[in-house]
Amino acid sequence: MGIEEMWIGYWLKKSVRLLNKLHDNKLQKYDLTSSQVAVLQKLWGEDGKTQKQLQENLELTPASVSGILDTIANKGFIIRKHDKIDCRINRIYLTDEGVKLEKLCYRIIDEIEEQISEGLTQDEIKIYISWTKRIHKNICRK
């Protein structure tokens, strides 16, 4: 075992890469990526977010969010509308087609959750989530 295999970051990075690959493979037949679904998830939770809100929620760069929004807009899943109060701000709204994707995408997420939690008890899952949240908080500290 190499020394890097004793690092939390090594296993987190390795797991995230595999998880994204698994997610992308399952979404490929629907012409979607995990990044696109992450944006759609935020809108399923609260439609009409601004690009800046999405960027902050997803911890992505403005260019990344802009590219994802362009792609899913071209696929007909979202539309951009000027804010009624401040027309300099664009709000992002789901189209009917974007709303229809929610059940499909959550079904895929459920399949992945089942796979990655295989052999773990509910208590172990809760502990893992708690630890991962703490690690996330530690990384976010400046």
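The values are calculated or read from the model by the stated rules, or taken from the named source; none is laboratory data. Every value quoted in this text rests on a predicted model; they were computed, and no experiment measured them. Cβ sites come from the backbone with ideal geometry, for glycine too, and all protein chains shown count toward neighbours. Please note that ligands, DNA and RNA were not included when accessible areas were found on the heavy atoms of the full protein model with its side chains. Shrake-Rupley method; radii C 1.70, N 1.55, O 1.52, S 1.80 Å.
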Can you pull out the residues in the stretch 108-124 that are in contact with a helix residue (DSSP H, G or I) (Cβ under 6 Å, 6 or more places away or on another chain) and free of Cβ contacts under 8 Å to residues at least 24 places away in the same chain? 117
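Which residues, taken from the stretch 34-49, are open to solvent by 50 Å² or more (accessible area, probe 1.4 Å) and either polar (S, T, N, Q) or in a helix (DSSP H, G or I) (or both)?
Of the stretch 34-49, the ones open to solvent by 50 Å² or more (accessible area, probe 1.4 Å) are 35, 41-42, 45-47.
Within the stretch 34-49, 35, 41, 42, 45 qualify.
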Check off (1) farther than 21 Å from residue 105 by Cα; (2) open to solvent by 40 Å² or more (accessible area, probe 1.4 Å); (3) of a type in the set (S, T, N, Q) for residue 20 and give me the number that stays unchecked. (1)
State all residues of the stretch 74-101 that are assigned to a loop (DSSP other than H, G, I, E, B) and surrounded by 12 or more Cβ atoms within 10 Å (Cβ to Cβ); if no residue qualifies, say none. 75, 77, 83, 89, 95
Restricting the search to the stretch 50-71, which residues are within 14 Å of the chain's Cα centre (by Cα) and either in a helix (DSSP H, G or I) or within 20 Å of residue 112 (Cβ to Cβ) (or both)? 53, 54, 55, 56, 57, 58, 64, 65, 68, 69
